[in-house]
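Working notes for the structure below.
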């Protein structure tokens, strides 16, 4: 090899290693050191810009002589297509706000941060447990930035009228509450519903809800082993009855007209609309929806609580939509991007982000601070028990879940066969990733 080539390779290696150590905080502790990694950093994502505006403005002002961050908001339904097209044409941002359900899809396009630069113990001590979805043997694919946990909204007037003082904390309570909170006419048309379970098409966040029930029952849906992932929906997991079967049986009971808990059918409006109209006792939605519900129905007397749990659960769980900040391999300004990741996942930025939205923080040090706000206390507690799963293809798995529920409700398949069918279809999606 020619001397010039050796020099060039050595310089490149030096700056790459220096960038990683800078990210870990080993160097770049002073402003003068940070200026060596200056430039503009572009971020794309579907997080609402209004949530980020104040925090990003503060970040740019603080680092105005070092680097700057620009953010492009892309609609959730357009994000995947827009980014894939940009990368295919050789364009695209330096960083992305990566939803956890797109992690598998973009894993080969992300530069992991090695554990030598950011220790695994530091990551686990800093971020909530769901963030560990972004960990692979080679390093960290993304640093948690935002979380939107599933919570329970409940109509205080409906509960009071039925003589019920508080919202349920366990799923078993719904078996006795449903007949008291649901009202039907002589033709079994639901006039007022206890809970929007049992159907799929008119249940907002049906996939998140079903996922939550399966996770609570003891099945994480997908497991990673090294670089490989596998579907485990049909596994017993040490239980007498498959957790997925138990969860799906409970969910579909509420749409069966012959059951005492009958509360929901496909002819009803979408669940959020039925809740904001004052006709649904309990609505399961994400923390980010609180503002929208209040705006849609300013006079609705409702409150928020943590989702119920199974009575035999060893630990609590809810479903959370997590977003991380990830570095793309095609970044044209990797060193400045390293600094941006460090700051975007840092305590100061996270504190400002939570002040600008109803979303809870993803850092343990912020979540451990006493929270006197009644609303945020529920969201904070929900963040600590949030879980998710590695989705091989969000759109396809949504169709698989819908088919599973509708096959059972219609009587086309038994619960056992419907779960087995869904498992096989998820396995096909996973196999397609590695083909």
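The values are calculated or read from the model by the stated rules, or taken from the named source; none is laboratory data. This one's a predicted model, so the numbers in the text were calculated from it and none came from an experiment. So basically every Cβ, Gly included, is an ideal-geometry build from the backbone, and we count neighbours across all protein chains shown.
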Kindly check whether there is at least one residue in segment 104-115 that is within 27 Å of residue 358 (Cβ to Cβ), surrounded by 23 or more Cβ atoms within 10 Å (Cβ to Cβ) and assigned by TED's automatic domain parsing to the domain that holds residue 48. no
Residue count, segment 99-120 (criterion: more than 19 Å from residue 43 (Cα to Cα) and touching a helix residue (DSSP H, G or I) at 6+ places or on another chain (Cβ under 9 Å)): 7
Being outside the structural domain of residue 67 (by TED's automatic domain parsing), more than 20 Å from the chain's Cα centre (by Cα) and surrounded by 22 or more Cβ atoms within 10 Å (Cβ to Cβ) narrows 337, 418, 424 down to just 418
Hey, residue 198 in contact (Cβ under 8 Å) with a residue 60 or more places away in the chain and not assigned by TED's automatic domain parsing to the domain that holds residue 299 or not: no
Restricting to segment 340-357, name every residue that is buried (at least 17 other Cβ atoms within 10 Å of the Cβ) and in contact (Cβ under 8 Å) with a residue 40 or more places away in the chain. 340, 341, 342, 343, 344, 345, 349, 350, 352, 353, 357
Only residues that are in a loop (DSSP other than H, G, I, E, B) and either in contact with a strand residue (DSSP E or B) (Cβ under 6 Å, 6 or more places away or on another chain) or under 25 Å from residue 343 (Cα atoms) (or both): list them for segment 363-385, please. 368, 369, 370, 371, 385
Looking only at segment 114-130, which residues are in contact with a strand residue (DSSP E or B) (Cβ under 9 Å, 6 or more places away or on another chain) and more than 15 Å from residue 366 (Cα to Cα)? 114, 115, 116, 117, 118, 120, 130
Going residue by residue through segment 280-288, is there one that turns out to be at pLDDT 95 or above, farther than 28 Å from residue 423 by Cα and either outside the structural domain of residue 189 (by TED's automatic domain parsing) or over 27 Å from the mean Cα position of the chain (by Cα) (or both)? no
Condition first: under 19 Å from residue 309 (Cβ atoms) and either touching a strand residue (DSSP E or B) at 6+ places or on another chain (Cβ under 8 Å) or not assigned by TED's automatic domain parsing to the domain that holds residue 430 (or both). Now tell me which residues in segment 205-253 satisfy that. 205, 208, 209, 211, 212, 215, 216, 220, 221
Just one of (1) under 23 Å from the mean Cα position of the chain (by Cα); (2) surrounded by fewer than 17 Cβ atoms within 10 Å (Cβ to Cβ) trips up residue 432, so point out which. (1)
Among residues of segment 43-94 being without any contact (Cβ under 8 Å) to a residue 60 or more places away in the chain and in a strand (DSSP E or B), the residue surrounded by the fewest Cβ atoms within 10 Å (Cβ to Cβ) is 72
Which residue, of 210, 203, is under 20 Å from the mean Cα position of the chain (by Cα), assigned to a loop (DSSP other than H, G, I, E, B) and buried (at least 23 other Cβ atoms within 10 Å of the Cβ)? 203
